[in-house]
1. Within the stretch 46-70, track down each residue that is away from ligand 2 (no atom under 15 Å from the Cβ), touching a helix residue (DSSP H, G or I) at 6+ places or on another chain (Cβ under 9 Å) and of a type in the set (A, V, I, L, M).
2. In the stretch 22-34, how many residues are crowded, with 16+ Cβ neighbours inside 10 Å and assigned to a loop (DSSP other than H, G, I, E, B)?
3. Take residues that are in contact (Cβ under 8 Å) with a residue 60 or more places away in the chain and open to solvent by 40 Å² or more (accessible area, probe 1.4 Å) and tell me which of the helices (runs of 4 or more DSSP H) falling wholly in the stretch 42-149 contain 3 or more.
4. Kindly provide the set of residues from the stretch 2-21 that are at positive phi and open to solvent by 90 Å² or more (accessible area, probe 1.4 Å), ordered by number.
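The values are calculated or read from the model by the stated rules, or taken from the named source; none is laboratory data. On a predicted model such as this, the values are computed, not experimentally measured, just so you know. Virtual Cβ from ideal backbone geometry, glycine too; neighbours counted across all protein chains shown. Surface areas here come from the heavy atoms of the whole protein model, side chains and all, with no ligands, DNA or RNA. Shrake-Rupley method; radii C 1.70, N 1.55, O 1.52, S 1.80 Å.
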Amino acid sequence: MEGKVLEWDYEIEGKDFRNAGKVSSKVKEILKELGFDPDFVRRVAIASYEAEMNVVCHAEKGALHFAILPAALRIVVKDKGPGIPDIELAMQEGYSTAPLEIREMGFGAGMGLPNIKKNTDELNIVSTVGQGTMVEMVIRSPLSREGSE
Ligand SMILES: Nc1ncnc2c1ncn2[C@@H]1O[C@H](COP(=O)(O)OP(=O)(O)OP(=O)(O)O)[C@@H](O)[C@H]1O
Ligand SMILES: [Mg+2]
């Protein structure tokens, strides 16, 4: 069965700490306004914030695409940047290559990707060193789990 798909696209600037987090705030605002379950909105907001911040902290520029599907929300964050040489290592809690100036701003704990993993139902990362990274996240709506509780 096919449903209507709502989708949005936003650009993310690397190293633009002044505007950092605005895209995920917008995503959160839209979902809240549409009346989604607060716990679902919280999970989506965390995942999109961490993916957005990774573009700001580690890449040159990127874009966030998000789509409301009939039973889930799909977010794709693509960037142009250095890429991730070892994704398994990058997924480990506490692993970070963030330089001092980024750590001084309070980022670089190495918790972003593990946090995305915890708050999503599906996570797919494709990265090419020297070119960029694509992070695809699917968060299933509580409605799609109706009847399971
Ligand atoms: N979009 C990206 N482009 C290039 N490298 C990335 C990207 N996202 C993550 N990484 C690499 O993976 C590491 C781990 O990412 P993760 O988000 O878990 O931690 P962090 O960004 O370093 O710190 P935190 O998210 O806690 O502020 C990063 O330090 C970086 O080396
Ligand atoms: Mg991060």
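1. A63, I68
2. So the answer is 0.
3. Counting at least 3 such residues, we get no helices (runs of 4 or more DSSP H) at all.
4. To start, the set of residues in the stretch 2-21 that are at positive phi comprises 15, 21.
Hit for the stretch 2-21 is K15, nothing else.
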